[in-house]
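Novice: Take a look at this one; I'll ask things after.
The values are calculated or read from the model by the stated rules, or taken from the named source; none is laboratory data. None of these values were measured; they are calculated from a predicted model. Using ideal geometry, Cβ is built from the backbone for each residue, glycine included, and neighbour counts are taken over all protein chains shown. These area figures cover heavy atoms from the full protein model, side chains too; ligands, DNA and RNA do not enter into them. Shrake-Rupley method; radii C 1.70, N 1.55, O 1.52, S 1.80 Å.
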Amino acid sequence: TQFFDRENQDFVFVNADETRISINGEQSKMKRIESTNISKNDSLCMTRDKSATYIPFHTPHGMIMSVFLIAVNSVKSGNLVIKKAGITTRSRYPVYYIFNDNGWMNGDAWNAILQVFYQEIKNKFGTSKIVLFLDRLSCHVTDESLKLFVGTNIHMVFLPANTTHFLQPCDSDIF
């Protein structure tokens, strides 16, 4: 309760939610975000080597703070690589590319994302209190990821299980 005392406090509310995107080399077909592995007319089939994970961090007002894309590392080195896109677009939010062996979100990728997110938030908002809303994906609730923000100005709030389809801000605003 002390954390949510609004007097003399600056709050920034942020939501992050991952989804799979499936893109085939055939540009004539429709690109669409895949939330399930069900085949549908005119959509692309999701295969592990032709898809990636998309993770936007955004505010309730629709301001995208940063975007992370997890793609397959064709070298198959076993190492996680994270790189910031070198081109600034007119949207001016940073885009990061993470390469791992399968393009899926996992604990290592999530912890790397949280560390980059923490630096971005610290540079942008200083000591403002940050409330980060998340679903209960298994890598979000590991001891390692929970310990990353202990003693910082960032507090994670987990949405109740099986409610993200109507409570998750990313699902209603971004997707």
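Novice: Run the quick spin-label model on Ser138 and Tyr93: label points 7 Å from Cα toward the beta carbon, then report their separation in nm to one decimal.
Specialist: According to this spin-label approximation, the distance is 2.9 nm.
Novice: Under 5 Å between amide H atoms, partner at least 5 residues away or on a different chain: which partners does His155 have, H built in plane at 1.01 Å?
Specialist: Answer set, sorted by chain and number: Ile130, Val131, Leu132.
Novice: So how much accessible area does Phe11 have, in Å² to the nearest 10, using a 1.4 Å probe?
Specialist: For Phe11, solvent-accessible area is about 40 Å².
Novice: Using a simple spin-label model with points 7 Å from Cα along the Cα→Cβ vector, what separation in nm is obtained for Lys147 and Trp104?
Specialist: Simple spin-label model gives 2.5 nm for this pair.
Novice: Let me ask you something else. Order the peptides 138-147, 56-65 from the highest to the lowest mean number of other Cβ atoms within 10 Å of their residues.
Specialist: 56-65, 138-147
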